[in-house]
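Report on the following structure.
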Amino acid sequence: MIAGLRNKISKLESNGHYERIPVISLKITNECSLKCLHCSSDSGLPLHNELTLGEIQNLIDELAKIGVKRITLSGGEPTIRKDFWEILRYLDDAGIQVSLFTNGFLLDRNFVRRLNDFGVSGVRISVDGGVAKTHDEIRGVKGSFSKAMKAVKLCRESELMVLIVSVIMKNNISEIRKIIQLAEKNRVPAYFRRFHPVGRGLKNIGLMPSPEELKSVTSIITAYYGEELIGEMIKYLKLVGGWCYIGDRMCIEPDGNIALCPSLPLIMGNIRESSINEVWKRIKNSELCDMIRKRNIAGKCGSCPHIRICGGGCRADAYGLTGDILSEDPLCWNSPSEASLPILNALIMASAAFYEASYIDLKRGWC
Ligand code: SF4
Ligand code: SF4
């Protein structure tokens, strides 16, 4: 994997520029079978005005026209939509590769075979505990752990690129090592995400780990990634100017709203009122996005030597916790004068994209 990554980074270096095609997350429904305490979409029931199949097909045509080659499908739980396979077929016909974010609940052998037939590039299955009790409590449904692990096993057996995804929160921070062991036992990579103060994450804000708690798992996670992978990640992050890719992405919500990021409910338009191209131009020309792209971040981030690697942390967390999208990252434990490894911020957020990068084009992905 590392050799593949290295090759792609050298290609990027020799190109001398980073191509700006938007990274797309498409949430096709708000409906979900689980009730996760951290759910940033506050999923459960479908919205009353979700995009129809026809609207999604038009959207896919528009995305293809602006050069989009890859999207992440999520929700809610995307596999719950009755027309899920039609959406996948349409994406496939448009030449757009899919990375799927799922709770794994519906993934039986036949489902996984069909995903494989469509050439899905990656399947990210949420596993929020090292043991069933923790996962089931966080996800609100008994038996969800065993379904998720069964889905992981089926995907791996069918040679789909599968990742275990865990949100770090107070309820599972003591189980990070166990989650890694679970991933290793199943021979799949694990990656970790932040708990974002949005949706049910905001309602359950008491479960968000403190900067000190995040710091306490740094050594476990960095030891798991290993020096070589971290070295490549740093090289890549320096090349693209740090992680947070607001201004280079669009998150399309189930009702057609377009947000700057799945964890940041700042809406830039709706596909029922504007074309994707119009909204994309709006984002590219937005002063706010420009400030974020230039890492014009306040507080300690503004003077931190690591900003070109970590990108100034997470803007969704800055916005959710302080109301100011340009404020310093409220969850960073780093003191800018320290020459420590401050980049767990970036590593936590970027690792999934790096794992997938060994299979697909190197491109910033999902955090
Ligand atoms: S770092 Fe935070 S704000 Fe930036 S793209 Fe990732 S989740 Fe969104
Ligand atoms: S390491 Fe911390 S203080 Fe420095 S830029 Fe990143 S988030 Fe800000």
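Read the figures in this text as sums done on the coordinates, not as results from a lab. Here the structure is a predicted model, which is why all the values come from computation and not from measurement. All Cβ positions, even for glycine, are placed from backbone atoms using ideal geometry, and neighbour counts span all protein chains on display.
Some notes on this structure:
- Taking every C-alpha pair closer than 8 Å and separated by at least 6 residues, the mean separation divided by the residue count of the chain gives a relative contact order of 18 percent.
- All aspartates and glutamates inside 20 Å of LYS281 as judged from Cα atoms, apart from same-chain residues fewer than 8 positions distant: GLU19, ASP61, GLU62, ASP248, GLU253, GLU273, ASP290
- Available extension along the chain between ASP324 and GLU159 is 55.1 nm, counting 0.36 nm per residue and deducting the alpha carbon span.
- Beta bridges per DSSP with both ends in the chain, % antiparallel, nearest 5: 20
- Distance from the stretch 28-44 to the stretch 171-242 (C-alpha centre basis), Å: 21
- Ranking SER303, SER263, LEU59 by how far each Cα lies toward the positive end of the dipole of the chain (charges on Cβ) leaves SER303 at the top.
- For the chain, the mean residue ellipticity at 222 nm estimated from helices alone is -12000 deg cm²/dmol, where every DSSP H run of n ≥ 4 contributes -39500 (n - 2.57) and the total is divided by all residues, rounded to the nearest 500.
- A simple spin-label model places pseudo-atoms 7 Å from Cα toward Cβ; at ARG89 and LEU202 they are separated by 3.9 nm.
- Calculated FRET value between LYS150 and LYS82, using beta carbons and R₀ = 22 Å, to 0.05: 0.45
- Cα-Cα over 28 Å, subset of LYS150/LYS238; LYS82/LYS142; LYS69/LYS147: LYS150/LYS238; LYS69/LYS147
- Positive end of the dipole of the stretch 157-227 (Cβ unit charges, origin at the Cα centre): among ILE176, PRO209, TYR224, the Cα lying farthest that way belongs to PRO209.
- A simple spin-label model places the labels of ALA132 and MET291 5.1 nm from each other, with each point 7 Å out along Cα-to-Cβ.
- Relative protection proxy for 186-192, 303-309, from highest mean packing down: 186-192, 303-309 (other beta-carbon atoms within 10 angstrom).
- Cα gyration tensor, the stretch 202-285 - rounded (a/c under 1.5), prolate or oblate: oblate
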